[in-house]
Amino acid sequence: NAGVMQNPRHLVRRRGQEARLRCSPMKGHSHVYWYRQLPEEGLKFMVYLQKENIIDESGMPKERFSAEFPKEGPSILRIQQVVRGDSAAYFCASSQVEQETQYFGPGTRLLVL
Amino acid sequence: DQQVKQNSPSLSVQEGRISILNCDYTNSMFDYFLWYKKYPAEGPTFLISISSIKDKNEDGRFTVFLNKSAKHLSLHIVPSQPGDSAVYFCAATSGTYKYIFGTGTRLKVLA
């Protein structure tokens, strides 16, 4: 049973470019969560999605960031016009039902030059 | 405002001895707590959890203790093994999907 998959594992972008991070949840999981970890900090909640629905995006910056979880395919976290402060590790987690334990993917490490 | 605090950034323990990792929280609404282990360049791996209706939960070498009056939880690993060397995060939630994480404690188990 494959775990949560994320790609790419590492992403380098120049300021002003776009970053697309992908997450495939565990088989049978339909709830996806994105977290961000800045250096020397804990993980911080960004957004919670179910298939075709954004349930809670309260942790996501209002500008430049968006997320989706289409009916088919992985969940995508999109960052437009990246800035150096976006450099971080972005983790995706999934669960079978909302209240259940979240299982994390390996993360995407974004570096903005 | 850091609602979940892990005040020890690092801890070193001899192999075979007990490792005790601590976590304090400020929000009395938190009712479910989790510990995750994280190796470098990997994602957090779920270890063990505890509901606020319990004060102890055990799984093999790992035991989590919860002291609600002190708003404190701890993870005990016994006996510690070199493979336990990792960063340990505690997380808390108030019955929702939004986990609040501490900043982590780096455990080093010395052979």
task = Could you identify the single residue in A:68, A:57, A:100 that is out of contact with any strand residue (DSSP E or B) (no Cβ under 6 Å at 6 or more places or on another chain) and acidic (Asp, Glu)?
result = A:100
inquiry  = Which condition from (1) assigned to a loop (DSSP other than H, G, I, E, B); (2) touching a residue at least 60 places away in the same chain (Cβ under 8 Å) is the one that residue A:73 breaks?
reply    = (2)
task = Take region B:38-55 and flag every residue that is touching a Leu at 6+ places or on another chain (Cβ under 8 Å) and away from chain A (no Cβ under 11 Å).
result = B:50, B:52, B:54, B:55
note = Flagged in region A:72-94 as more than 11 Å from the chain's Cα centre (by Cα) and within 14 Å of residue A:24 (Cβ to Cβ), in numbering order, are A:72, A:73
inquiry  = I need a count of the residues in region A:30-49 that are part of a strand (DSSP E or B) and open to solvent by less than 80 Å² (accessible area, probe 1.4 Å).
reply    = 13
key: Filtered residues of region A:50-78 (kept if open to solvent by less than 20 Å² (accessible area, probe 1.4 Å) and in contact with a Ser or Thr (Cβ under 6 Å, 6 or more places away or on another chain))   = A:69
key: residue B:89 being open to solvent by less than 60 Å² (accessible area, probe 1.4 Å), closer than 24 Å to residue A:47 by Cα and assigned to a strand (DSSP E or B)   = yes
task = Identify all residues within region A:79-113 that are more than 14 Å from chain B (Cβ to nearest Cβ) and either surrounded by 14 or more Cβ atoms within 10 Å (Cβ to Cβ) or part of a loop (DSSP other than H, G, I, E, B) (or both); write none if there are none.
result = A:79, A:80, A:81, A:82, A:83, A:86, A:87, A:112, A:113
remark   = residue A:47 meets each of (1) closer than 13 Å to residue A:86 by Cα; (2) at pLDDT 95 or above with one exception, condition (1)
key: Check on residue B:108, more than 11 Å from every other protein chain (Cβ to nearest Cβ), at pLDDT 95 or above and assigned to a loop (DSSP other than H, G, I, E, B)   = no
message = So for region A:16-24 (the condition being within 13 Å of chain B (Cβ to nearest Cβ) and outside any strand (DSSP E or B)), does at least one residue qualify?
response = no
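The values are calculated or read from the model by the stated rules, or taken from the named source; none is laboratory data. This one's a predicted model, so the numbers in the text were calculated from it and none came from an experiment. Glycine also receives a Cβ, built like all others from the backbone with ideal geometry; neighbour counts cover every protein chain displayed. The protein model used for the area step is the full one, side chains on, heavy atoms only, and it has no ligands, DNA or RNA in it. Shrake-Rupley method; radii C 1.70, N 1.55, O 1.52, S 1.80 Å.
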